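Heads up: the structure comes next, in structure tokens.
The values are calculated or read from the model by the stated rules, or taken from the named source; none is laboratory data. Since we're looking at a predicted model, the values are computed, not measured. Ideal geometry is used to build each Cβ from the backbone, glycine not excepted, and the neighbour counts take in all protein chains shown.
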Amino acid sequence: MVNQQMTDELLRVASENPDGFTINVNTFQPVTHGWAVALLETQNCFGREGAMKVIDVALKKTAGIVGGWNNQGDYYFDAVLIVESESEATRLGIENEQIGIYEIHTNRYKDLLT
């Protein structure tokens, strides 16, 4: 269940990591390995309301994994699947209509549009 404290903590993490982050909202610890694939369901979620929706979806569908970043002053959030295989991440990214996927431990972005 999403509560104000959880939302406040996510917004704090976002403000301290404007270039991006991926965390487990059950522990608020960073995810350090694997491919991050955002869910289509949480595309274009931003601000407090978006953070609340993303937390809710993440707790139900992704083991509580949330990613976020600052884009020109607005914080965007996604519920994120973490997988080990690049091929699985690519397939899931395409299924979720994502433009790219991200390998956390190598800091590598893979464009899915080309």
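Of all residues in the range 45-86, those satisfying the criterion of being free of Cβ contacts under 8 Å to residues at least 24 places away in the same chain and more than 19 Å from Glu97 (Cβ to Cβ) are Glu49, Lys60, Gln72, Gly73.
Determine whether Gly68 is in contact with a Phe, Trp or Tyr (Cβ under 6 Å, 6 or more places away or on another chain), assigned to a strand (DSSP E or B) and surrounded by 14 or more Cβ atoms within 10 Å (Cβ to Cβ). Show your work before the answer.
On the way: in contact with a Phe, Trp or Tyr (Cβ under 6 Å, 6 or more places away or on another chain): yes; assigned to a strand (DSSP E or B): yes; surrounded by 14 or more Cβ atoms within 10 Å (Cβ to Cβ): yes.
Answer is yes for this residue.
The sole residue among Val25, Val54, Val83, Val66 that is more than 10 Å from the chain's Cα centre (by Cα) and within 17 Å of Val2 (Cα to Cα) is Val25. Here is the figure for the range 1-45: residues that are at pLDDT below 95 and among the aromatic types (Phe, Trp, Tyr) total 0. Just one of (1) of a type in the set (Ser, Thr, Tyr); (2) surrounded by fewer than 22 Cβ atoms within 10 Å (Cβ to Cβ); (3) closer than 25 Å to Leu112 by Cα fails for Thr7. It is (3).
Search the range 15-44 for residues that are without any contact (Cβ under 8 Å) to a residue 24 or more places away in the chain and surrounded by fewer than 17 Cβ atoms within 10 Å (Cβ to Cβ) and pair each with any residue that is acidic (Asp, Glu) and in a helix (DSSP H, G or I) when their beta-carbon atoms are under 9 Å apart and the residues are at least 6 apart or on different chains. Matching pairs, first to second residue: Phe28/Glu9.
Only one of Ala89, Ala79 is among the aliphatic types (A, V, I, L, M), in contact with a Ser or Thr (Cβ under 6 Å, 6 or more places away or on another chain) and crowded, with 17+ Cβ neighbours inside 10 Å; which?
On the way: Ala89 fails: in contact with a Ser or Thr (Cβ under 6 Å, 6 or more places away or on another chain).
From the options Ala89, Ala79, the qualifying one is Ala79.
Checking Asp78, Asp19, Asp74 one by one, the residue that is within 10 Å of the chain's Cα centre (by Cα) and among the charged types (D, E, K, R) is Asp78 and no other.
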